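To keep things clear, I will list the structure first and then write my remarks on it.
The values are calculated or read from the model by the stated rules, or taken from the named source; none is laboratory data. Note that the structure is a prediction, hence the values are computed from the model and not measured. Don't worry about glycine lacking a Cβ; one is built from the backbone with ideal geometry, like all the others, and counts go over all protein chains shown. SASA here: full protein model, heavy atoms, side chains in, ligands and nucleic acids out. Shrake-Rupley method; radii C 1.70, N 1.55, O 1.52, S 1.80 Å.
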Amino acid sequence: MKALEIHVTGIVQGVGFRPYVYTLAKTYRLAGWVRNDSDGVHIVIEGPAQLVDSFAAVLENKAPPASRIEHVAFSTIDPCDYTGFEILESESIEGERTFISPDRALCEECETELLDGGDRRARYPFINCTNCGPRFTIIEDIPYDRPATTMRDFPMCDECATEYADPANRRFHAQPNACFVCGPRLYLNWGELDPHLSGSWTWSPLKEKVPRPHRNREEEMARSNSIILEVVEALHEDKIVALKGLGGFQLCCNARSEKAVEKLRQRKHRYGKPLALMFPTLKDVVTYCEVSELEADQLCGAARPIVLLRRKDEAPDDLAYSIAPDLAELGVMLPYTPLHKLVLDEFAGPLVMTSGNMSDEPICTDNTEALEKLSAIADALLLHDRAIFSRYDDSVVRVIDGRVQMIRRARGYAPAPVRSIEPAIAPILGVGAEQKSTFALFEGRDAFVSQHIGDLESTEALESFEQTEALYEHLFRIKPQVVAHDLHPEYLSTKWADLLANQEQLRLVGVQHHHAHIVSAMAEHGYTEPVIGVALDGTGYGEDGTIWGGEVLVADRMRYQRYAALRPFPLPGGSAAVKRPARTAIGLLFELDLLGHPSTRFLLQRLAADEESTIISMIGHGLNTPRTSSMGRLFDAVAALIGVADDALYEGSAAVELESISKPLGELGIPPQFRFTLAEAAQTTSPELHIAPNGRPVPAYALPRYLIDPELLVRAILDAMANNIETAELSRRFHFAVATMIGEVATKAARETGITTVALAGGCFMNRLLFQRTLAILRDKGMLVLCNDTLPCNDGSISHGQAMVAHARLAEEIRLAEQQRRAEEEAREVLG
Ligand SMILES: [Zn+2]
Ligand SMILES: [Zn+2]
Ligand SMILES: [Zn+2]
C-alpha cells in the first residue's frame, strides 16, 4: 500500500479537473479524495503502490484540454484506509490567488451534440461544458461558483442539475451549464431604424423577472430556430446585424455584398481599417487563403483568434472589395460560440464580423447600451439574456516564421498570467501607454496583463480601463504599492497613475517607452542579462522631449544607454502628420535637403494648393513641428514618397500598405546605394539638442552615440523613381535596407559591448517582411534573438515592460540600501 498527497497549481479550476481526477482514480481503483482550494487542487490518493505510481505518472499528461498545469508537487504520506474516492467541498484560503481560465471556443463534443437532432441540447445556442464556453467574461468574484457568475439568474432544471452534480459527467460543476428549458435564450430586436419591418417578438429591455422561469423544450427550440432563420434572412438581404457574442457585441453582414459592407463602414464611421471575416468551416477558409498547419491549429484551437492569412492568388473574387482594400492579408476566424456556429451554418457563407462599437469607443456588452448605441448602425440586434460581465475583444494573431505572433491579446488568452523568473519585490501596477492599451498587475511570479482595452483617448475608454483594473485587483487579490507609467506627460494613463499614486500614497516609477518595450521582450523569456534592444515603433516619448521610435538601446532591466537612433526629422503638424504621411514625407525631404530632387514632383503635384509652402513655413518657424526619430514615421514618409499612400486611414496604415505591395524580399539583394549610413552623433547634432524642453539638460544616457542616417537611402529611392523602377521593387529595397541596417547596427553594438543577445520590440515588427528578414540576418550572425511571444510586440506589452522595470529598479534599490546598511554597520564596529 502507498499513499500520495498531490498539489496541482495553474489553471485547474472551472476546467473539469476534479471530474478528471475522479474518473482517473476510479479507473485505477484507488481511494482518497480531490478538493479545489484557492491555492489550486489538492489530491490524496492511496492503493497498491504500482497503481498509485501509474496514477501519478499519467495525471499531468491526460489533464483536460482547458487546464494549464504550472506545477505538480507529490509527497508520500501514511495511508488512511479510505474506502472510496470522493470530491470534497472547496475550502477557501484567505489571501490565496485563484487562476481564472480564459473563455474557450465550442469543443468538439458540444459541437456534435449541437448538431445531433436527438440530443436535448441540439441547436441550443448556449451549449457548453467544462471543456468549453464562457469563463472570464461571466465571473464577478471568486471562488468560481455559479452564484459568483452572471449565470446565477438561471436556476438549473432537474436534468442540468443532475449533470452538474455528477463527478463522472462532462458538465460536473460547469458553471454556465444550461439548456433550452432553464438557460439563456435569444431575442431579436429590429432596432429603431425599422420598427415595422417585422412582426417578430420584440425584446423589452431587462424587464423579465429574475430568476427566469423554466420553459418547454420544443417550443423554445422552435422559437430559437425561427430567430436564427430570420437573422440569416436579414443577412442575405444585406442587412447589418449586431450580434451579442462572448465578450461583447459584434456587427456582422454578408461578406460577399459590397453594398452591405459599404453600409457598415459608413454607419460605423470606420473607413479603411480592414474588417475581420468569419467563415463557416476551415474548408471555406482554405478556398480563399493560404493556410499552414500552424495557422489551421490557431483557427481551430480553443482560443480561436482572428488569424491574419495571405489571400490565395486563385481565390474566388466574390468577397466585397472594401473588406480589406488592396491588402494581401485577410483577418479570418471560425465560429467560436454555438450561436456563431448556428448562424454561420445556416448562412453558409462568410460574414464580416467586426467589433460592435462606434469607431474608437469600447465595444458594447450590455443589451440596453447596444440598443442605444448600435441601433444607429445595425438593422437588427440579435440579443440574449446571459449578461457579459467583462468586455473582451476578439484576439488577433499571425504566424511568422513558424511561430505565432500575438497582435491583439484578449479573448481566449487573458487573464492567464505571464510568468516571471523572479517574484515581484512588491505588488506593482503598470498602466501602459496610450495606444492598444493594457495594464499589468504583477505580484508573486505572476504578471496579469489585461486584455486589450483599446486606445486610451476617450473618457469611455478610460472608464473601461478603470473598471477592468478594479476587477483584476479584486479577482486576483492584488493591491498595488507601486505604479509604473510612461514618461509622456499628456497620456491619460500617466495622469491616471499620478492621481492614483497621490490618493493611495503609492510609489511612482516612470519608465521610458522603448525601454519598456525591450524589457517586456526580455522578461517573457526570463532573460536578465544586458541586451542590444532594437525598438522600432510609431511613437514613444523620449527623455529629450522629442518623439522617439527608431531606437537601438544597450539595456538591462534597470536602465538603458541610447546606442543609436534614427536621425530625427521634423513632423509638421505633429498628429496631423501621423494622419497624412505626405506631410511627413515633406518633413523628411526638408531635413535631408532633397526637396529639389526631380522625383519629388510626383509627391508635390498631388498636394493641395499651397500645402507645400504652408508645411515648409511651419518647419521653418518650428510651428507645431516636433522632431522625431520614429521608424514608423519613416515608413509613412517612404510610402507617401513613392506614391503608395498620402493619407493614413488609421495610425500606421501607410506602412501596412507599403508592406502589402512589396515584392517578396528574397535573397536577391539590392543595389549598394540603398542603405542607411551610421554616423557619430556628436558630429551631427547641435548642442541645443542636449537641452530638454523643460530647460533641463538631457541625461547623457538618452543622447544617442550614433545616428542612423537615411539620406543615402532616400536619395537612392528618388533616383530609382527617376529611372521608372516600379513601386513594388522600391518597397522591397526599402524593407531590405531597414533589415540590413538593424543587422549592421546590432553587430557593431555587439562588437563594442560584447553583448550578443538582441531583443526586438515595437509595432514595426508586426511587419512580416521586416521581421522575417531581420530574424534571418541576426541568427545568421550567431545572435540570440528575443521577442515577445505571449504578448504583442506593439504597445500592448508596454504595461508588462513597465512593471518589470519598476520591479528590477526597486529590487536594486533595496539591495543597495542593504549593502550600505551593512557597510555602515561594519564601519561602526571598526570604530567602536
Ligand atoms: Zn464543450
Ligand atoms: Zn436545463
Ligand atoms: Zn511603442
Using a 1.4 Å probe on heavy atoms of the protein chains only, the accessible area for Ile139 in Å², nearest 10, reads 0
For Lys312, the lysines lying under 18 Å Cα to Cα, once residues fewer than eight places off in the same chain are dropped, come out as Lys283, Lys663
The chain accessible area per residue, 1.4 Å probe, protein heavy atoms, integer Å², reads 39
Per residue, the convex hull enclosing the alpha carbons of segment 363-481 has a volume in Å³ of 145
Given the candidates Leu235, Pro423, Ile814, the one whose Cα lies deepest towards the positive end of the charge dipole of the chain, counting +1 at each Lys or Arg C-beta and -1 at each Asp or Glu C-beta, is Leu235
Relative to the chain, whose Cα atoms define the longest principal axis, helix 611-621 and its Cα axis are tilted in degrees, nearest 10, by 80
Quick tally, 1.4 Å probe accessible area for Ser797, Ser54, sorted with the most first, runs Ser54, Ser797
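Please identify the GluC sites (Glu not before Pro) of segment 273-319 that satisfy two criteria: DSSP loop assignment and at most 16 other Cβ atoms within 10 Å. Which are they?
Glu290, Glu314
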Rounded to the nearest 5, the percent of DSSP beta bridges in the chain running antiparallel is 70
At the level of C-alpha centres, the distance separating segment 230-249 and segment 31-102, in angstrom, is 44
So the carbon and sulfur contribution to the accessible area of the chain, 1.4 Å probe, in percent, is 51
Ignoring ligands and nucleic acids, His474 exposes an accessible area, probe 1.4 Å, in Å² to the nearest 10, of 80
Taking a ≥ b ≥ c as the square roots of the eigenvalues of the Cα gyration tensor, with a/c under 1.5 meaning rounded and otherwise prolate when a/b exceeds b/c and oblate if not, segment 615-699 is oblate
Taking every other residue with Cβ under 15 Å from the Cβ of Glu752 and scoring Lys and Arg +1, Asp and Glu -1, one gets +3
Ordered by number, the GluC sites (Glu not before Pro) in segment 624-722 that occupy a DSSP loop and have at most 13 other Cβ atoms within 10 Å are Glu667
Computed over the chain: longest principal axis from alpha-carbon atoms vs helix 711-722 long axis, angle to nearest 10 degrees, is 90
From most to least accessible, 1.4 Å probe, no ligand or DNA/RNA atoms counted, Ile532, Ile725 line up as Ile725, Ile532
Within the under-15-Å Cβ sphere about Ala165, not counting Ala165, Lys/Arg +1 and Asp/Glu -1 give a net charge of -3
Only helices counted: for the chain, with every DSSP H run of 4 or more residues adding -39500 (n - 2.57) and the sum spread over all residues, [θ] at 222 nm is -10500 deg cm²/dmol
The correct ranking of Tyr336, Tyr527 by accessible area at 1.4 Å, largest first, is Tyr527, Tyr336
Kirkwood Rh for the chain from C-alpha pairs, in Å, is 28.8
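Rounded, prolate or oblate, given the Cα gyration tensor of segment 523-662, with a/c below 1.5 counting as rounded?
It is prolate, given that a/c is not under 1.5 and a/b is the larger ratio.
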Expressed in angstrom and ordered largest first, the alpha-carbon extents of segment 29-124 along the principal axes are 51, 36, 24
Within the under-10-Å Cβ sphere about Tyr124, not counting Tyr124, Lys/Arg +1 and Asp/Glu -1 give a net charge of +2
Helix 258-268 sits off the longest principal axis of the Cα atoms of the chain, rounded to the nearest 10 on a 0 to 90 degree scale, by 80
